[in-house]
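Student: Here it is, the structure, as structure tokens.
Derivation of every value follows stated rules applied to the coordinates shown; laboratory data play no part. Here the structure is a predicted model, which means the values were calculated and not measured. So basically every Cβ, Gly included, is an ideal-geometry build from the backbone, and we count neighbours across all protein chains shown.
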Amino acid sequence: MKPKNNKPLLVGALLCAIAALLHVGCIVFGGDWYRFFGAGEAMASMAEQGLWYPSIVTAVIVGILLIWSLYGLSGAGVIKRLPLTKLALVIISSIFLLRGVSFVGLMPLFPYKESENSLTFWVISSGICLFIGSLFAIGTYQQWSRWVSDKQ
């Protein structure tokens with residue numbers, strides 16, 4: 001009997017993949033996309049000037065989101081079990097949830113300037129992180145009992 005797929009982890013993995021694609025869009029389409037998604041005027045201007053920094057930072061984020069997506073799929077049982085899946089899912093859940101709830105403390109590290117990291121950006125991005133983190137946390141919790149019963 002095939003194990004039931006874990007819907008929260010599947011949706012979390014899908015949202016990570018979509019977020020990765022949107023970040024690729026920033027690299028491909030440049031300054032306007034950086035502005036639209038709230039990266040701030042500095043990143044948008046650097047991208048328009050052809051500087052490498054925005055693309056490298058964004059590519060690292062793309063890579064991380066794709067790896068997290070793969071771990072979500074692995075935890076859900078859609079793809080082969082990846083190394084340290086349980087630990088990775090706990091860490092991924094924690095990072096998303098921590099980012100979601102700590103935005104008030106993070107805001108001073110990224111001072112608001114005209115057209116940069118507005119309160120709207122912080123609220124929306126934090127809400128998205130809380131949602132995805134909750135999916136990963138719920139999915140990991142649900143999957144944990146399956147992993148324990150598989151060992152018996």
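Student: Pop out the ³J(HN,Hα) list for the stretch 38-54 in order, Karplus 6.51 cos²θ - 1.76 cosθ + 1.60 with θ = phi - 60°, rounded to Hz; leave Gly and Pro as x.
Tutor: Computed from phi, the couplings for the stretch 38-54 are x, 6, x, 5, 4, 5, 4, 5, 4, 5, 5, 7, x, 6, 7, 3, x Hz.
Student: Taking 0.36 nm per residue of separation and subtracting the Cα-Cα distance, what length does fully extending V28 through V148 add?
Tutor: 38.8 nm
Student: Short version: ³J(HN,Hα) in whole Hz for each residue of the stretch 7-24, in order, from phi by Karplus 6.51 cos²θ - 1.76 cosθ + 1.60 (θ = phi - 60°), x for Gly and Pro, what are they?
Tutor: For the stretch 7-24, the Karplus-derived couplings read 4, x, 5, 4, 5, x, 5, 4, 5, 5, 5, 5, 4, 4, 4, 5, 5, 4 Hz, x marking Gly and Pro.
Student: Give the separation of the Cα centroids, the stretch 70-110 to the stretch 121-138, in Å.
Tutor: Here the answer is 10 Å between Cα centres.
Student: Separate question: Add -39500 (n - 2.57) for each DSSP H run of 4 or more in the chain, then divide by its residues: what number comes out at 222 nm, to the nearest 500 deg cm²/dmol?
Tutor: Value at 222 nm, helices only: -25500 deg cm²/dmol.
Student: For a test of understanding, tell me how many lysine pairs in the stretch 7-151 have Cα atoms under 17 Å apart, given they are 8 or more places apart or on different chains.
Tutor: 4
Student: In a shell of Cβ-Cβ distance under 11 Å around A47, excluding A47 itself, what net charge do Lys and Arg (+1) and Asp and Glu (-1) give?
Tutor: Around A47, the charge tally is -2.
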